[in-house]
Amino acid sequence: MQQEYKYGELTHRIIGCSMEVHRVLGSGFQEVIYQRSLAYELEQFNIGFASEVDMPIFYKGVSVGARRADFLIEENVLVELKAIIKLEEVHLAQAIN
């Protein structure tokens with residue numbers, strides 16, 4: 001039995017847009033090129049998003065800074081782009097944090 005995910009349909013659409021960008025551009029470009037291309041695809045499918053979103057970081061309840069997320073999609077799904085050859089544990093940790 002397939003488990004339903006809260007944002008399953010949305011993430012499916014995001015992945016589709018991402019795959020289209022990768023299909024058309026392939027690899028080898030700077031991250032900003034993929035970011036602009038994904039923004040274009042998201043707009044084509046009327047998927048609401050904000051890019052370069054500052055997200056506060058708290059330590060024991062105290063604001064200690066902020067990080068910038070590549071995309072916050074429909075105020076629910078965070079997308080962090082990586083234009084790299086190999087995904088490392090540090091990249092996963094960055095996305096989770």
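Assorted remarks:
- Those residues of the stretch 26-44 which are under 19 Å from R13 (Cβ atoms) and either surrounded by 15 or more Cβ atoms within 10 Å (Cβ to Cβ) or of a type in the set (A, V, I, L, M, F, W, C) (or both), in sequence order: Y34, Q35, S37, L38, A39, E41, L42
- The stretch 51-61, residues that are in a loop (DSSP other than H, G, I, E, B) and among the hydrophobic types (A, V, I, L, M, F, W, C): none
- Residue in the stretch 62-75 that is loosely packed, with under 11 Cβ neighbours inside 10 Å, on the phi < 0 side of the Ramachandran plot and not in a strand (DSSP E or B) present: no
- E52 vs. criteria within 12 Å of the chain's Cα centre (by Cα) and more than 21 Å from R23 (Cβ to Cβ): yes
- Scanning the stretch 1-25 for residues that are surrounded by 12 or more Cβ atoms within 10 Å (Cβ to Cβ) and among the β-branched types (V, I, T) yields T11, I14, V21.
- Selection within the stretch 45-69 - without any contact (Cβ under 8 Å) to a residue 12 or more places away in the chain and under 28 Å from E9 (Cβ atoms): N46
- Residue match in the stretch 23-46 (condition: in contact with a strand residue (DSSP E or B) (Cβ under 8 Å, 6 or more places away or on another chain) and polar (S, T, N, Q)): yes
- Scanning the stretch 82-97 for residues that are in a loop (DSSP other than H, G, I, E, B) and exposed (fewer than 15 other Cβ atoms within 10 Å of the Cβ) yields A83, I84, I85, K86, L87, E88, N97.
- Q3 modelled with pLDDT of 95 or more and either part of a helix (DSSP H, G or I) or not small (G, A, S) (or both): no
- Any pair with Cβ under 9 angstrom, 6 or more apart, that starts in the stretch 14-29 at a residue that is closer than 13 Å to I85 by Cα and hydrophobic (A, V, I, L, M, F, W, C) and ends at one that is modelled with pLDDT under 95 and assigned to a loop (DSSP other than H, G, I, E, B): F29/A83
The values are calculated or read from the model by the stated rules, or taken from the named source; none is laboratory data. Remember, predicted model here, so these are calculated numbers, not experimental data. In this analysis, Cβ positions are derived from the backbone assuming ideal geometry, glycine residues included, and neighbour counts consider all displayed protein chains.
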